[in-house]
Amino acid sequence: MSLMVHGEQWSAVFEDVPGATAPLLPEILERGTYVGEGEVELEGGDGVVRMETGFALAYPETPLRYLALCATNSAGPEPTREFVTAFPWCAEGVEADLEIEEVLADRDDPMEGGLEVAAPGGGLMWLVDPFFFQHRHLYAPERTVRLSIAALAYSVSLAARDFVEVTEGPMLDLERSRISEADPDADPAEVTSVRLSLEGARALFPHPEEPLFGSTFRAPVEDLDEFSVGGVRFTRMLIAPLTTDAGAVGMWLYASERVLQGCAPRVGDEIEGFAWLQATLVSSTSGE
């Protein structure tokens, strides 16, 4: 199975994916801006792997754009250019310097892939680079790269829970110790649970089987704006769901009106959901 799962990504924008993308794809190819190029090994129709030129077209000129990946094909008597795939690209993100832990090439399509990265101070993220074919040669474990991070929301809602109840583990042990120190006559065994407030909580958990599928998030909304792409209304929210000893890693979260389903977050609201995390390379800052 492809790590990119493009059907799911288009459904984050359109309810009728086939009906909406059928006229959209020719429009991207005809009117798109040339935004990237790189060499990539691709297998032709004759079964021979050759070094081909991959390139990307983006349309329209909005914060969220539709990206088409294409490549040359030298298998025939004359080289041709062929469409490979397309997906929504969150073109504007929040920059951060992150260290590469692992480079994750797509199993089915050599043009696509992503990164497992570590944030300063600890904490891991799994990010898809829409221009992986162009940047692959710059990626290696232990290399630090500056990435522009954004996310396409599959689901968003106001965070419903304001606390969690812990019934075992070190948090409960600490509370029992606190009770014993405060009152030597108290019976610690009577403390069977601890309530922890989730107000202001931030969390980011990758998909348990395929981390590049997306991540579950929770964070307060720090800023937001709205825009339209071809008649589809988007709300873009600034969140920082990953916190480390060195601070928080921010991103712009893009949510279509279809995904929001009437939910209208405001600055200061705490939201949660599931999103596909993207990272566009800004620069490689070490390990050249």
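Per residue, segment 47-150 exposes 40 Å² of accessible surface when a 1.4 Å probe is rolled over the protein heavy atoms with every protein chain present. Shown are Tyr66, Tyr59, whose ranking by accessible area with a 1.4 Å probe and every protein chain present, most to least, is Tyr59, Tyr66.
Where both residues lie in the chain, what percent of DSSP beta bridges are antiparallel, nearest 5? Numbers along the way, then the final one.
Values: 87 of 91 bridges.
Around 95 percent of the beta bridges assigned by DSSP in the chain are antiparallel ones.
Our estimate of slack between Val48 and Asp245, defined as 0.36 nm per intervening residue step minus the Cα-Cα distance, is 66.0 nm.
Compute the projected area of the convex hull of the Cα atoms of segment 211-276, averaged over all viewing directions, and report it in nm² to one decimal place.
Hull-based average projected area comes out at 5.1 nm².
Of the residues His135, His207, the one with the largest accessible area comes first in the ranking His207, His135, computed with a 1.4 Å probe on protein heavy atoms. Protein heavy-atom surface of segment 90-148, 1.4 angstrom probe: 45% of the accessible area is carbon and sulfur, with nucleic acids and ligands not counted. Per-residue ellipticity at 222 nm, computed for the chain from helices alone with -39500 (n - 2.57) per DSSP H run of at least four residues, works out to -4000 deg cm²/dmol.
Taking every alpha-carbon pair under 8 Å whose residues sit at least 6 apart, segment 1-159 reaches a relative contact order of 21 percent. Surface analysis of segment 213-276 yields an accessible area of 40 Å² per residue, using protein heavy atoms and a 1.4 Å probe.
Shown is the FRET efficiency for Arg178 and Ser157, computed with R0 = 25 Å from the Cβ-Cβ distance and rounded to the nearest 0.05: 0.15.
Could you work out the relative contact order of the chain? I mean the mean sequence separation of Cα pairs under 8 Å and 6+ apart, divided by the number of residues, in percent. With pairs under 8 Å counted, the relative contact order is 20 percent. I want to check the label-to-label distance for Glu222 and Asp187. Put each point 7 Å from Cα in the C-beta direction and report it in nm to one decimal. According to this spin-label approximation, the distance is 4.8 nm. Between the Cα long axis of helix 170-182 and the first principal axis of the chain there is an angle of about 20°, rounded to the nearest 10. Averaging 1/r over every pair of different alpha carbons in the chain and inverting the result gives a Kirkwood radius of 20.9 Å.
Determine the gain in length on full extension of the stretch Glu30-Ala140; use 0.36 nm per residue of separation and subtract their C-alpha separation, reporting nm with one decimal. Before the final figure, lay out the partial values.
On the way: separation 110, 0.36 × 110 = 39.60 nm, distance 3.49 nm.
Full extension from Glu30 to Ala140 adds 36.1 nm.
Loop-located GluC sites (Glu not before Pro) across segment 47-134 with a Cβ neighbour count of 15 or fewer within 10 Å are Glu61, Glu92, with loop assigned by DSSP.
The values are calculated or read from the model by the stated rules, or taken from the named source; none is laboratory data. Keep in mind it's a predicted model, so treat the numbers as computed, not measured. Reconstructed Cβ throughout: ideal geometry from the backbone, glycine too, with neighbour counts over all protein chains shown. When the accessible area is computed, the model is the full protein with side chains, heavy atoms only, and any ligands, DNA or RNA have been set aside. Shrake-Rupley method; radii C 1.70, N 1.55, O 1.52, S 1.80 Å.
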